[in-house]
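Right, one structure below, let's go through it.
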Amino acid sequence: QVQLAESGGGLVQPGGSLRLSCAASGFLFRAYAMNWYRQAPGKERELVAAITGFGGTNYADSVKGRFTISRDNAKNTVYLQMNSVKPEDTAVYYCNVVQFRIHYWGQGTQVTVSS
């Protein structure tokens, strides 16, 4: 079965950097686009970044130029490099894959940006 496991969250100061990882299993990883979402308290979950199986990327305007999504198909892992973080980046970050219109989610990893 599809399993997604995020890691790498934590507390970071404004302007700092953090790298999130998502280890995937249970499906042919290289064949699917992978997504990072986030959900802040009291807000809806939003798409942050996406990457196709071939490496094409797309970003939310709020993170463009600061975050970078990448993948290692040999390791079945997708990453989110977060640079120049801001307090408004504070949220639970989720890894996501969609198969046959079914959304699969990891458990999420908390990112807190605070001094």
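The values are calculated or read from the model by the stated rules, or taken from the named source; none is laboratory data. Just so it is clear, the structure is predicted and the values come from calculations on it, not from any experiment. Please note: Cβ atoms are built from the backbone with ideal geometry, for glycine as well, and neighbour counts cover all protein chains shown. Side chains included, ligands, DNA and RNA excluded: accessible areas come from the protein's heavy atoms. Shrake-Rupley method; radii C 1.70, N 1.55, O 1.52, S 1.80 Å.
Quick check on the range 63-77. Is at least one of its residues among the hydrophobic types (A, V, I, L, M, F, W, C) and in contact with a Phe, Trp or Tyr (Cβ under 7 Å, 6 or more places away or on another chain)? Yes - at least one qualifying residue is present in the range 63-77. Which one is most open to solvent (accessible area, probe 1.4 Å), of the residues in the range 66-115 that are within 23 Å of residue 27 (Cβ to Cβ) and of a type in the set (Lys, Arg)? Among those that are within 23 Å of residue 27 (Cβ to Cβ) and of a type in the set (Lys, Arg), it is 101.
Applying a threshold of 9 Å to beta carbon distances and a minimum spacing of six or more residues, or different chains, the list of pairs starting in the range 35-62 at a residue that is without any contact (Cβ under 8 Å) to a residue 60 or more places away in the chain and more than 19 Å from residue 85 (Cβ to Cβ) and ending at one that is open to solvent by less than 40 Å² (accessible area, probe 1.4 Å) and in a loop (DSSP other than H, G, I, E, B) reads 50/56. Of all residues in the range 24-48, those satisfying the criterion of being touching a Lys or Arg at 6+ places or on another chain (Cβ under 9 Å), open to solvent by less than 50 Å² (accessible area, probe 1.4 Å) and in a strand (DSSP E or B) are 34, 37, 38, 48.
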